1. Give the distance, in whole Å, between the Cα centre of segment B:105-182 and the Cα centre of segment A:42-121.
2. When the accessible area of the protein assembly as shown is computed with all protein chains present and a 1.4 Å probe, what percentage of it is carbon and sulfur?
3. Work out the length of the dipole vector of segment B:9-140 about its Cα centre, built from +1 on the beta-carbon of each Lys and Arg and -1 on the beta-carbon of each Asp and Glu, and round it to the nearest 20 debye.
4. Lys/Arg Cβ at +1, Asp/Glu Cβ at -1, dipole of chain A taken about the Cα centre: which of A:20, A:98, A:126 is farthest positive-ward?
5. Which one of B:39, A:30, A:158 has its Cα pushed farthest toward the positive end of the charge dipole of the protein assembly as shown, where Lys and Arg give +1 and Asp and Glu give -1 at the Cβ?
6. Give the angle, between 0 and 90 degrees and rounded to the nearest 10, that separates the Cα long axis of helix B:86-103 from the longest principal axis of the Cα atoms of chain B.
7. Considering protein heavy atoms only and a 1.4 Å probe radius, which residues within segment A:131-164 exhibit an accessible-area decrease of no less than 40 Å² in the full assembly relative to the chain by itself?
8. Give the interface area between chains A and B as buried accessible surface, both sides summed, probe 1.4 Å, in Å² to the nearest 100.
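The values are calculated or read from the model by the stated rules, or taken from the named source; none is laboratory data. Note that the coordinates shown come from a computational prediction; the quantities given were computed from them, not determined experimentally. As a convention, Cβ positions derive from the backbone with ideal geometry for all residues, glycine included, and neighbour counts pool all protein chains shown. Please note that ligands, DNA and RNA were not included when accessible areas were found on the heavy atoms of the full protein model with its side chains. Shrake-Rupley method; radii C 1.70, N 1.55, O 1.52, S 1.80 Å.
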There are 2 protein chains.
Amino acid sequence: MSVQERKQRERAERERLIVATARELAEQQGWDAVTTRRLAERIEYSQPVLYSHFRGKREIIGAVALQGATELAGALRAATVTADGPRARVAALARAYLDFAARNPAVYDAIFQLDGGLAYAQEDTPEPLKGAFAALQESLGEVAGNGVHAGLFTETFWAALHGLATLTRARRLPPEYIEQRVELLVDRLALV
Amino acid sequence: MSVQERKQRERAERERLIVATARELAEQQGWDAVTTRRLAERIEYSQPVLYSHFRGKREIIGAVALQGATELAGALRAATVTADGPRARVAALARAYLDFAARNPAVYDAIFQLDGGLAYAQEDTPEPLKGAFAALQESLGEVAGNGVHAGLFTETFWAALHGLATLTRARRLPPEYIEQRVELLVDRLALV
DNA sequence: TTGATTGTCTAGCGGCGCTAGGGTCGAATC
DNA sequence: GATTCGACCCTAGCGCCGCTAGACAATCAA
């Protein structure tokens with residue numbers, strides 16, 4: 001059975017390679033440049049091999065999204081544990097979120113803009129996505145204020161961050177004053 | 001000279017037809033379905049005719065975006081004039097904005113998500129885009145609060161609306177409770 | 001009437017996501 | 001160790017895409 005196991009391992013390894021390569025290519029040249037041909041060439045296999053791992057390009061985007069969501073959740077938690085008090089936690093959370101979006105634009109798109117065939121905000125939502133939302137809510141739930149549902153507050157605050165992240169990167173918002181906008185958001189939305 | 005004028009009129013009319021058809025097709029089946037072939041077929045001309053009006057598909061998206069921005073500005077102003085007092089104006093503005101995004105998803109994408117080759121937040125930004133932002137600022141500037149720059153406040157509030165609009169439509173946010181989220185935003189961000 | 005110009009179309013280029021079908025090569029059997 | 005068999009991967013190609021070159025027809029000017 002050792003031969004089969006080795007093959008399974010190699011297959012899993014190749015799948016990781018595909019996802020990592022897609023992500024890398026997307027960050028380097030944008031998702032439009034991630035074509036099945038280019039991707040196949042980079043991993044040094046032919047195109048059809050991709051389809052033995054994923055149903056299509058959409059699923060590859062989805063895989064990158066899940067990986068990214070896990071990292072995002074980690075980054076958010078890492079940023080908030082060291083902060084002192086609810087207000088500081090929320091501020092750190094907001095900065096970490098926007099920082100992640102700015103540093104990993106392609107991954108951010110995979111999670112929040114592109115169609116990766118994933119279910120969001122439902123029961124069958126994959127764990128990494130739920131986890132990322134949970135990471136947001138852990139800090140934001142503290143400052144929702146009386147009578148305001150924590151989930152609803154988290155969604156709204158998150159939407160504001162998402163708007164800042166996407167409009168800035170799509171050059172719809174001038175890149176200056178990011179910090180002031182975050183301050184404004186935290187000051188007004190978070191009740192300490 | 002009347003012949004030339006007639007030709008010019010006809011050309012302009014055809015250009016309007018192209019933009020209107022692209023918009024219609026995009027709203028019906030999404031921007032992915034707006035291919036130069038389909039577009040050409042719908043206007044009953046061959047593909048190259050499109051390229052005698054626009055440099056490419058990107059410019060067609062840009063044309064739809066400009067048209068949409070003008071409409072958006074109008075919708076925002078129409079919604080705010082009847083409202084009584086700054087708080088009500090902002091609430092009406094927010095609802096009108098989200099309503100526009102929900103009713104014209106493809107146009108909204110053309111304005112705020114897709115690449116239409118337009119300049120944003122710069123001196124050479126086309127007038128319709130400046131106008132839409134101005135329409136936002138007219139109502140939002142009133143509730144920025146002391147010491148907060150009106151432009152910065154407008155950008156931040158707008159980003160929050162944009163986040164709600166896009167996340168809702170991309171099914172990242174559950175479609176219920178939209179009104180509550182808007183209430184929350186207006187209550188907290190707008191200083192009356 | 002003729003020649004130039006303008007306008008439009010047909011055809012085609014390279015590239016896309018995706019798949020059918022054939023060939024190769026290693027594992028299991030005798 | 002030879003033979004069979006099945007898993008695996010590649011070549012080739014389908015119907016699309018955005019975009020363009022070059023042929024051709026209609027119109028205008030001389």
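1. Each part's Cα centre sits 24 Å from the other's.
2. Roughly 50 percent of what the probe reaches on the protein assembly as shown is carbon or sulfur.
3. Approximately 100 debye in magnitude.
4. Positive-most Cα among the choices belongs to A:20.
5. B:39
6. Result, in degrees: 40.
7. Residues passing the criterion (a loss of at least 40 Å², heavy atoms only) are A:152, A:155, A:156, A:158, A:159, A:162.
8. Chains A and B together bury approximately 3000 Å².
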